[in-house]
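Values in this text are rule-based calculations from the coordinates and carry no lab data. These figures come from a predicted structure and were not determined experimentally. In this analysis, Cβ positions are derived from the backbone assuming ideal geometry, glycine residues included, and neighbour counts consider all displayed protein chains.
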Amino acid sequence: MEFGMRTTVADLQAMKRRGQKIPMLTAYDYTSALMADRAGLPMLLVGDSLGMVIQGHDTTLPVTVDDIVRHTQFVARGAPSALIVADMPFMSYATLEEAIANSRKLMAVGGAQAVKLEGGKPVLETVRRLTDLGVPVMGHLGFRPQSQHQIGLQVQGKDLAGAKALLAEALALEAAGAFAIVLELVPGALAAKVSANLTIPVIGIGAGADCDGQVQVWHDILGLYGDKPPRHAKRFADLGPVIDTALKAYVSEVRAMTFPTDQNTSRIEADILDQVGS
Ligand code: KIV
């Protein structure tokens with residue numbers, strides 16, 4: 001794909017048909033979006049995980065539509081090639097009217113090309129209606145952070161009833177028009193089965209290698225959040241300590257007056273300075 005040509009839903013679905021794995025990553029600001037786009041990520045998620053990694057909350061629940069709109073604007077300015085998915089925050093799609101108004105905001109004001117919402121059966125009508133209105137919708141099954149106080153922070157679909165319900169809900173989301181689905185914290189073999197049974201891309205996080213793609217949180221893969229990465233993540237770089245060292249060097253150089261130097265400072269002619277007065 002050429003730089004500047006934005007990935008489409010059709011491109012992602014063609015990747016699945018070709019068996020080409022789809023990498024996806026969260027992004028929350030201009031600079032990281034620029035880097036992610038340059039690295040060739042075809043799809044970026046302005047996730048409500050920003051509530052934790054950007055805002056410092058314990059959960060994603062306090063995130064508002066305006067938060068996601070603002071961060072989507074930053075990401076859209078940095079990423080000319082990736083398809084940008086904006087998360088619909090907790091309770092922002094509780095009614096059809098809210099879902100329509102808020103997805104309009106995320107796309108028309110934020111600049112997203114798609115939205116993501118969590119859940120199966122309860123959101124099918126919403127997915128159908130948004131899709132009919134021209135909103136590409138990504139589903140999110142398995143562990144759903146917005147429902148964590150109901151379902152617990154644990155792997156989903158481990159027993160027969162749970163596994164059957166998960167496959168049925170994935171198929172129902174596809175039938176309702178979802179263009180792709182995130183599967184979070186699901187046993188690998190079940191995620192493989194779901195991926196094989198759906199024609200739309202299934203993007204896993206903590207769901208094994210046999211999904212059609214993977215999504216990760218920026219801070220988790222770069223070592224910028226928490227002492228150790230969650231089990232479903234890998235640190236592709238450990239930038240936290242690198243930044244700590246750089247910041248300590250900055251502090252000590254300012255104190256020691258070894259920064260800034262003449263090279264960092266512009267000059268003024270002496271006679272002009274004299275005329276400035278005391
Ligand atoms: O908000 C987020 O970052 C997400 C991913 C974990 C899929 O929903």
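What translational diffusion coefficient, to the nearest whole µm²/s, does segment 90-149 have by Stokes-Einstein, given a Kirkwood radius computed over alpha-carbon pairs, a temperature of 10 °C and 1.306 mPa s viscosity?
Values: Rh = 11.7 Å.
Answer, rounded: 136 µm²/s.
Of the peptides 49-60, 14-25, the ranking by mean beta-carbon count within 10 Å, highest at the top, reads 49-60, 14-25. Of the beta bridges in segment 35-141, as assigned by DSSP with both residues counted there, near 10 percent are antiparallel.
For segment 9-240, what number of Lys pairs, 8 or more residues apart or on separate chains, have alpha-carbon atoms under 18 Å from each other?
Details: Lys16/Lys193; Lys21/Lys193; Lys21/Lys234; Lys105/Lys116; Lys121/Lys164; Lys158/Lys193; Lys164/Lys193.
For segment 9-240, qualifying lysine pairs total 7.
For Leu83, the amide hydrogen comes within under 5 Å of the amide hydrogens of Thr7, Met43, Leu44, counting only partners 5 or more places away or on other chains and with H modelled in the peptide plane. By the count of neighbouring beta-carbon atoms within 10 Å, fewest first, Val65, Val46, Val155, Val75 end up ordered Val155, Val65, Val75, Val46. Relative to the longest principal axis of the Cα atoms of the chain, the long axis of helix 65-78 makes an angle of roughly 70 degrees. Taking every DSSP beta bridge with both residues inside the chain, roughly what % is antiparallel (nearest 5)? So the antiparallel bridges amount to about 5 percent of the total.
Can you tell me the FRET efficiency between Ile100 and Leu224 if r is taken as the Cβ-Cβ distance and R0 is 41 Å, rounded to the nearest 0.05? So the FRET efficiency works out to roughly 0.70.
Exposure proxy for Thr7, Thr265, Thr72, Thr126: other Cβ atoms within 10 Å of each Cβ, ordered fewest to most, give Thr265, Thr7, Thr126, Thr72. Only one residue of Ala256, Leu45, Val109 has its Cα farthest out toward the positive end of the dipole of the chain, where Lys and Arg carry +1 and Asp and Glu -1 on Cβ, and that residue is Leu45.
Against the main long axis of the alpha-carbon atoms of the chain, helix 188-197 sits at an angle near 70°.
Couplings 3J(HN,Hα) of segment 107-113, computed from phi: 8, 6, 9, x, x, 6, 9 Hz, in residue order, whole Hz [Karplus 6.51 cos²θ - 1.76 cosθ + 1.60, θ = phi - 60°; x for Gly and Pro]. Taking max minus min of the alpha-carbon positions on each principal axis, the chain gives extents of 81, 38, 38 Å, largest first.
Could you give the size of the charge dipole of the chain about its Cα centre, using +1 on the Cβ of each K and R and -1 on the Cβ of each D and E, expressed in debye and rounded to the nearest 20? Spell out each step's value before the answer.
Details: 25 positive and 29 negative charges, 210 e Å.
Dipole of the chain, to the nearest 20 debye: 1000 debye.
Apply the a/c threshold of 1.5 to the C-alpha gyration tensor of segment 1-117 and tell me whether it is rounded, prolate or oblate. Cα axes put segment 1-117 in the prolate bin. Only helical runs count toward this figure. For the chain, summing -39,500 (n - 2.57) over DSSP H runs of n ≥ 4 and dividing by all residues gives -12000 deg cm²/dmol at 222 nm.
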